[in-house]
Amino acid sequence: MSGNLDPREKERLLRLRALLKSRKPEFLRTLWWKFPKFKNDPKWRKPKGLDNKMRLRLKGYPPIVEVGYRGPAAVRGLHPTGLEPVVVSTVSDLDKLDPSRHLVVIASSVGLRKRLEIARAAREKGFRVANA
């Protein structure tokens, strides 16, 4: 999707995405401020009640998640550097990737010894490693 963008346009869209993200509100569930059980875990839940004030978008209630808050489609899912993150589990996975397009993320299930091998091999091939 983002492979056919020229670098200047890609950079512009990444800057635009960062600007939009800075304006986007933090989406928390309905009445998170009222009940202690929600304060501990206020992550987003869509309001569905018949008389729910947030669902009805009444003044004074937080905004709800909508499609208009999304970033540009061409750079959606990309790392802020403009590279496409790819989860890697073995050293041989690096052979299928391109250092100019992909950012290596080592899988969480990989142990320390193998993690060090993958990180070393990735750096030798010119990859950037996000979590090494």
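Please treat every number below as a calculation from the coordinates, not as lab data. This is a predicted model, so every value here is computed, not measured. FYI the Cβ positions are ideal-geometry reconstructions off the backbone, even for glycines, and counts take in every protein chain you see.
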Exercise. Listed here are the pairs Lys10/Lys53; Lys21/Lys46; Lys21/Lys48; which of them are more than 32 Å apart at the Cα?
Worked result: Lys10/Lys53
Seminar exercise, completed: Per-residue Cβ contact counts at 10 Å, fewest first, order Phe35, Phe127 as Phe35, Phe127
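Before rounding to the nearest 500, sum -39500 (n - 2.57) across all DSSP H runs of length at least 4 in the chain and divide by the residue total; then give [θ] at 222 nm in deg cm²/dmol.
On the way: 3 runs with 34 residues, N = 132.
Only helices count here, giving -8000 deg cm²/dmol.
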For this session: Mind pulling the angle between the C-alpha long axis of helix 112-124 and the longest principal axis of the chain? Nearest 10 degrees, somewhere in 0 to 90.
Result: 70 degrees
For this session: Counting only GluC sites (Glu not before Pro) that are in a DSSP loop and have at most 15 other C-beta atoms within 10 Å, tell me the longest site-free stretch of the chain.
Result: 67-132
Exercise. By its C-alpha gyration tensor, with a ≥ b ≥ c as the square roots of the eigenvalues, how is the stretch 7-75 shaped: rounded for a/c under 1.5, else prolate for a/b larger than b/c, else oblate?
Worked result: prolate
Exercise. Using the alpha-carbon centroid of each, what span in Å lies between the stretch 42-63 and the stretch 74-132?
Worked result: 40 Å
Exercise. When we measure straight from the Cα of Lys114, which lysines land under 26 angstrom away, once same-chain ones fewer than 8 places off are left out?
Worked result: Lys96, Lys125
Exercise. Who wins for biggest fluctuation among Lys46, Lys114, Lys96 in a Gaussian network model of the chain, springs between alpha carbons below 10 Å?
Worked result: Lys96
Exercise. So what is the relative contact order of the chain, in percent, for Cα pairs below 8 Å that sit 6 or more residues apart?
Worked result: 19 percent
Problem set entry | Correct choice for Cα Rg over 2.2 N^0.38 Å that was computed from the model, options [x] 1.08; [y] 0.95; [z] 1.44 | [z]
Exercise. For the Cα atoms of the chain, what angle does the longest principal axis make with the long axis of helix 7-23, in degrees from 0 to 90, nearest 10?
Worked result: 30 degrees
Problem set entry | Cα→Cβ-extended label distance, 7 Å offset, between Arg128 and Tyr61, nm | 4.2 nm
